[in-house]
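The values are calculated or read from the model by the stated rules, or taken from the named source; none is laboratory data. Keep in mind that this is a model prediction, so the values were computed, not measured. No Cβ is skipped: glycine too gets one built from the backbone with ideal geometry, and neighbour counts run over all protein chains shown. Surface accessibility is based on the protein's heavy atoms, side chains included, excluding ligands, DNA and RNA. Shrake-Rupley method; radii C 1.70, N 1.55, O 1.52, S 1.80 Å.
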Amino acid sequence: MAVKEFAARQAAKRMLPLVSRMSDKDLEKVLSVAAKLTPHEFGSSMVSSLQKMCHEQHPTIEFFRRVVRQANPHVRERLMNSFVIKNHWYGSLRREEIRKKEGLSVPNTFIISPTMRCNLRCSNCYAANYDTKDDLEPEIIDRVLTEGEDLGIFFVTILGGEPFIRPDLWGIYQRHSDILFHIYTNGTLIDQEVARKLAELGNVIILFSLEGLEEETDARRGKGIFQKVMRGMDNLREAGVIFGFSVMVTRQNVETIISDEFNDMLIAKGCLFGWHFLYIPSGLGPDVSLMPTAEQRELMRLRGAQRIREEKPILVFDFWNDAPFVGGCIAAGRHFFHINSRGDAEPCIFVHLATDNVKQKSLKDVLSSPYFRGIRSRQPYDRNLLRPCMIIDQPHVLREICAEFCPYPTHDGADTLITTLCGELDMHSAEAAKVLDPAWERDFVARGFVSPEVI
C-alpha cells in the first residue's frame, strides 16, 4: 500500500497542474486510465462518473479546473494525499475491512467541536451558553483523531463556536497531517497571517458561514460582518487555500441563497463548494417561525443546490434535498456523528442528546453503542427520502428512540425537541408531507429512482 500511495502521489503531483490546461477530450482520456487503475469499485465508479461529466461538458469539470487553478501547489498535494489517497482510497478499504470483520459501521467522517465559544453573538445560536471550561481538552482531541485514523477516517469536520479562537488547534492540524480538516468559521478572524498559516499546513479547507448577502448576514451576525467575511475570502484566495460557504436556510433567506446573484458572487470570490442547512429549532431560543415552509423546501429542491450544480462551476449540497442520493438520514455513525466540546457523542449536529462521552469511551465503543445502533437500524425512517430527518420530518421516530435509549440532554433546553416543541414539529411534518410526498411520487418513484444506498 505504501508503494502504491507513493506512486499515486507522484503521478498526481505531475498531472494536476496540467488539468487546468487540458482539453475536455484529453482530460477524458486521463480519467479513463485512472478509472482502470483505481484499486476498488467505489473509486473506479467515482472516476468513471467524472469521465462521463467530462464527455458531457458538465460544469463540475470546470469546478475541478477551478480547484487546480486556485489551490497553491502545496495545498493541491495535501488535498490529494488526505482526501483522495487516504480517505477515499486507503480509508474506504479500511472501513470496509472493519465492517466485514466486526460488523461495525464506520462513517467516512465525523464532526468535532473543540470549543463552543465564539467571538460573535448571533441570534438563535447556542454558542452563547459556553465558556472556556467547556472546551474539549487537546489530549482528548488528539486521541480521538488518532482512533479515527485507525478506523480509516481521514476527513474530519471542525465546528464551534468559532474554532479560530483556540490557538492550540494549529498544532493538532499539523500533527494529524494525513487528515483533511473541514473547518466552519464565521470568517472574522481570517486575516492574512491566518491565511498564510493555512496555506503552509495545506490540509485544511474553510467554510465561511453566511446568511445570504450583506443585509441578511449583518441582520443576524452584526453590522460589518459580511464585509469581514469577504475580506477573509480574499485572503484565502490570494494564499491559494481552498474554501467554500455554509448557509443556514430560514424562512427569511430562501430566495436570496438560491439566486444567481448570490451564487455568482460566491464564485467570483473564489468559493468552490457550499452547504445549505435548514434551520432546526434547537439550541438557544428555538424559534419554529424561522423554519422554512414546505413550499420553500420544494422551491429549494427545484431551484437550489442541484440546479446550481447543474448550471455553475461550484458544488453546492443540500443536507435535506440531497438525501435521496445517500439513502436518507446519515446520522449516528452511518456517515457522520458529532462530538461536542464536552466530549458528548451526539448522533447529529442538531440532536443534542447523547448516551456516551469520548472522555470515557473510544470511538469504536461510541459507534457500537445501543443508541447509535438503534438509530441506524431505523434508517431510512420513511420511504420518502425527501423527508429524511427524525427531527423535523419524522419527529415521532426521535421520540421513540429517546423513549427506548433515554439519552441525556447535552445542554439546557436540548430536550425541547421531544417535549415542548412536539406539537409544532408534528404540525410542520404534516405540512411538509402534503407537498413533498406528491413530489416524491411524481419525480422519483414514477421515474424508477432507487437510492444507491438502499438498493
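Okay, residues lined up against (1) without any contact (Cβ under 8 Å) to a residue 60 or more places away in the chain; (2) polar (S, T, N, Q):
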site	(1), (2)
Phe337	no, no
Val351	no, no
Asn357	yes, yes
Gly374	yes, no
Gln379	yes, yes
Asp382	yes, no
Pro395	yes, no
Arg399	yes, no
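Residues in segment 426-442: is at least one in contact with a Gly (Cβ under 8 Å, 6 or more places away or on another chain) and either farther than 15 Å from Gln394 by Cβ or outside any loop (DSSP other than H, G, I, E, B) (or both)? Checked segment 426-442: no residue is in contact with a Gly (Cβ under 8 Å, 6 or more places away or on another chain) and either farther than 15 Å from Gln394 by Cβ or outside any loop (DSSP other than H, G, I, E, B) (or both). Looking only at segment 335-359, how many residues end up being part of a loop (DSSP other than H, G, I, E, B), at negative phi and not aliphatic (A, V, I, L, M)? Total meeting the criteria: 12.
To keep it simple, each residue is scored yes or no on (1) in a helix (DSSP H, G or I); (2) surrounded by 21 or more Cβ atoms within 10 Å (Cβ to Cβ); (3) of a type in the set (D, E, K, R); (4) touching a strand residue (DSSP E or B) at 6+ places or on another chain (Cβ under 9 Å).
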site: Val68; (1), (2), (3), (4): yes, no, no, no
site: Phe83; (1), (2), (3), (4): yes, no, no, yes
site: Lys86; (1), (2), (3), (4): yes, yes, yes, yes
site: Asn108; (1), (2), (3), (4): no, no, no, yes
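Taking Leu353 as the residue in question, decide whether it is open to solvent by less than 20 Å² (accessible area, probe 1.4 Å), at pLDDT 95 or above and under 25 Å from Asp287 (Cα atoms). For Leu353, the condition - open to solvent by less than 20 Å² (accessible area, probe 1.4 Å), at pLDDT 95 or above and under 25 Å from Asp287 (Cα atoms) - is met.
Select from segment 185-205 the residues that are free of Cβ contacts under 8 Å to residues at least 60 places away in the same chain and in contact with a Leu (Cβ under 6 Å, 6 or more places away or on another chain) and write down the one among them that is nearest to Arg175 (Cα to Cα).
To start, the set of residues in segment 185-205 that are free of Cβ contacts under 8 Å to residues at least 60 places away in the same chain comprises 185, 187, 190-198, 204.
Applying the additional criterion that residues be in contact with a Leu (Cβ under 6 Å, 6 or more places away or on another chain) yields 195, 204.
On the way: Ala195: 19, Val204: 13 Å.
In this case the residue turns out to be Val204.
For segment 400-416, a residue qualifies if it is within 21 Å of Asn384 (Cβ to Cβ) and either open to solvent by less than 20 Å² (accessible area, probe 1.4 Å) or not in a helix (DSSP H, G or I) (or both), and exactly one does: Ile401.
Against the conditions (1) part of a helix (DSSP H, G or I); (2) crowded, with 21+ Cβ neighbours inside 10 Å, Val397 satisfies every one except (2).
Given the residues Arg99, Arg78, Arg94, which is the only one that is assigned to a helix (DSSP H, G or I), among the charged types (D, E, K, R), without any contact (Cβ under 8 Å) to a residue 40 or more places away in the chain and open to solvent by 10 Å² or more (accessible area, probe 1.4 Å)?
Arg99
Checked against the criterion of being over 26 Å from the mean Cα position of the chain (by Cα) and farther than 30 Å from Asp150 by Cβ, segment 409-419 contains one or more residues that satisfy it. If I ask for residues that are under 17 Å from Val351 (Cα atoms) and either in contact with a Lys or Arg (Cβ under 9 Å, 6 or more places away or on another chain) or without any contact (Cβ under 8 Å) to a residue 40 or more places away in the chain (or both), which ones from segment 410-455 would you list? Those that are under 17 Å from Val351 (Cα atoms) and either in contact with a Lys or Arg (Cβ under 9 Å, 6 or more places away or on another chain) or without any contact (Cβ under 8 Å) to a residue 40 or more places away in the chain (or both): Thr410, His411, Leu417, Ile418, Thr419, Thr420, Cys422, Asp426, Ser429.
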